[in-house]
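Data first, discussion second: the structure below is written as structure tokens.
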Amino acid sequence: MSVKISAKQELGVTKLFEVKESNKNIRATWELQKMMTKLSIVQETVGDSPADFEKVIDTMLDVQTKTINYIVNTLGLDDKQAAKVDEMEFNDTMTFAVRISSELLHIEAQPADEKETGLED
């Protein structure tokens, strides 16, 4: 099976991208979800030391790079389209990746509250 994903708002492309629900794409999607969860945990549990701050920055750089790669690879973007993703704002890029992953997994993405993440006081 496959899903058709629109990138008109993000990339200005009117054609729908057909994305196969292959093991490769689903595995990449689960890796993206795991990485985003890890980022949330790091952000919520970070201390005040310079080493802790560096850990957050390293994690965010890794997430940013891998999220862009996820979008480019999953949609099979050409160089021009990939450059547009690289020029997007960070939050828009994250939202786009979550939408792609949600459509591939046939789920509706909703932000988790502190209780659901186990991070409540």
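Any read-out appearing in this document is the output of simple, stated calculations on the displayed coordinates, not a laboratory observation. Remember, predicted model here, so these are calculated numbers, not experimental data. As a convention, Cβ positions derive from the backbone with ideal geometry for all residues, glycine included, and neighbour counts pool all protein chains shown.
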Original post:
Can you sort ASP78, ASP86 so the residue with the fewest Cβ neighbours within 10 Å comes first?
Top reply: ASP78, ASP86
**OP:** Among the lysines, select those whose C-alpha is under 30 Å from the C-alpha of LYS8, and discard any that sit fewer than 8 residues away in the same chain.
**Re:** LYS20, LYS24, LYS34, LYS38, LYS66, LYS80, LYS84
**OP:** Give, as a single signed number, the net charge of other residues whose beta carbon lies under 13 Å from the beta carbon of VAL19, with Lys and Arg counted +1 and Asp and Glu -1.
**Re:** +2
Subject >> Pair-distance profile P(r), taking every C-alpha pair of the range 14-68, with 10 angstrom steps and integer % >> reply: 21, 38, 24, 12, 4
Original post:
Taking θ as phi - 60°, what are the ³J(HN,Hα) couplings along the range 96-105 by the Karplus curve (6.51, -1.76, 1.60), each to the nearest whole Hz, with x for Gly and Pro?
Top reply: 4, 5, 5, 5, 4, 5, 5, 5, 5, 8
Subject >> Summed side-chain charge close to VAL42 - residues other than VAL42 whose Cβ falls under 12 Å, Lys, Arg +1, Asp, Glu -1 >> reply: -3
**OP:** Provide, for q = 0.16, 0.21, 0.30 Å⁻¹, the log10 of I(q)/I(0) from a solvent-free Debye sum over equal Cα point scatterers in the range 52-107.
**Re:** -0.51, -0.80, -1.20
**OP:** Please find, in a Gaussian network model of the chain (springs between Cα atoms separated by less than 10 Å), the residue of ALA97, ALA28, ALA83 whose mean-square fluctuation is greatest.
**Re:** ALA83
Original post:
Which values of log₁₀ I(q)/I(0), to two decimal places, follow from the Debye formula for the chain at q = 0.11, 0.22 Å⁻¹ with a uniform point scatterer at every Cα?
Top reply: -0.41, -1.31
Original post:
Could you give the length gained on full extension between GLU21 and LYS38, defined as 0.36 nm per residue of separation minus the Cα-Cα distance, in nm?
Top reply: 3.7 nm
